[in-house]
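Taken together, the values in this text are just the output of simple stated rules run on the coordinates, not laboratory data. Every value quoted in this text rests on a predicted model; they were computed, and no experiment measured them. Cβ placement follows ideal geometry from the backbone for every residue including glycine, while neighbour counts extend to all protein chains displayed.
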Amino acid sequence: MAQIVFDLDGTLIDSAPDIRQVANTVLEAEGKGPVSLAQAISFLGSGTHVLVQQMRDTVGIPDSEQDRILKAFHTLYEGAFDLTEPYSGVRSALDTLATQGHGLGICTNKPMRPCRAVLKHLKLDVVFPVVLGGDSLPERKPHPAPLLATFDALGTGQRIYVGDSEVDAETAERAGIPFLLFTQGYRKTAVEDLPHTATFDDFSALPDLIADTLAAAS
Ligand SMILES: O=C(O)COP(=O)(O)O
Ligand SMILES: [Mg+2]
């Protein structure tokens, strides 16, 4: 039995279409935009402060507007889940891992309110006893503190982190935790340039990959 922690956006759920829609609603009110899906994806990974900063830079809204635009973004973000789906095979992989007795957690840079809302909407909230968001601690990924705090809250045992991005790879490396890279998420860097223990491109392969990773590490 081990503790498995997951990243959220680009790993368990394909949330970029909703995030793009929030961005474009906020930008429309400013007479700016729209941004493309690829642009929205490029803003993701480091939390909403960075997302809004990059979104503003893209359309030419000055830094002095950061707090106001971030607030507008947060107001809409909590209700933005209609276009979001778990990646194929996620539910069944999570069921298998839970049945095998593993503890399951989430460590995301998404703020807790939209995080809780989308998990509830997708009925994934019951699967994860521990969830840490980008505003749960003073530090955010790639600082190792949120990831280590998520594992500490889950309990003892072997640890594995599953994520999709540069931020996740760096977080796992700094925390000294084996990292499984989901290659179909929002990564911008070539797989070979990211530190990882193993990769997978389909969640149906994850339970066996986790079993192999645990066996190799023990
Ligand atoms: O909100 C973000 O920027 C990214 O969220 P994630 O950490 O779940 O990928
Ligand atoms: Mg991610």
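Given the range 57-105 reduced to its alpha-carbon atoms as identical point scatterers, what log10 I(q)/I(0) does the Debye formula return at q = 0.15, 0.31 Å⁻¹?
-0.67, -1.07
Going Cα to Cα from LYS141, which lysines come in below 18 Å? Please leave out same-chain ones fewer than 8 positions away.
LYS110, LYS188
How far is helix 66-77 tilted, in degrees, relative to the longest principal axis of the Cα atoms in the chain, given as a value from 0 to 90 rounded to the nearest 10?
60
Please state the shape class of the range 16-77: rounded when a/c is under 1.5, otherwise prolate if a/b exceeds b/c and oblate if not, all from the C-alpha gyration tensor.
rounded
Checking a compactness column here: for the range 147-218, what do you get for Rg(Cα) / (2.2 N^0.38 Å), N being the number of residues?
So the Cα radius of gyration is 1.07 times the expected 2.2 N^0.38 Å.
Using 0.36 nm per residue of separation minus the Cα-Cα distance, give me the extension gain between SER64 and GLN184 in nm, one decimal.
My answer for the length gained is 39.7 nm.
How do TYR77, TYR87, TYR161 line up, fewest other C-beta atoms within 10 Å first?
The most exposed by this proxy come first: TYR87, TYR77, TYR161.
Taking a ≥ b ≥ c as the square roots of the eigenvalues of the Cα gyration tensor of the range 81-186, is the shape rounded (a/c under 1.5), prolate (a/b larger than b/c) or oblate?
In terms of gyration-tensor shape, rounded.
In deg cm²/dmol, rounded to 500, what helix-only [θ] at 222 nm does the chain give when every DSSP H run of at least 4 residues adds -39500 (n - 2.57) and the total is split over its residues?
About -13500 deg cm²/dmol.
Take LEU83, project a point 7 Å from its Cα along the Cβ direction, then tell me which residues of the range 177-202 have their backbone nitrogen under 18 Å from it.
It comes to 185-187, nothing else.
Could you list MET1, MET112, MET55 so that the one with the fewest beta carbons within 10 Å of its beta carbon is first and the one with the most is last?
Fewest-to-most Cβ neighbours within 10 Å comes out as MET1, MET112, MET55.
Among LEU206, LEU27, LEU83, determine the one that fluctuates most according to a GNM of the chain built with springs between C-alpha atoms less than 10 Å apart.
It is LEU83.
What percent does the relative contact order of the range 16-77 come to when contacts are Cα pairs within less than 8 Å and at least six residues apart?
33
Rounding to the nearest 10 and keeping the result within 0 to 90°, find how far the Cα-based axis of helix 206-217 lies from the longest principal axis of the chain.
60
Based only on Cα atoms, what mean projected area does the convex hull of the chain have, in nm²?
For the Cα atoms of the chain, the hull's average projected area reads 11.2 nm².
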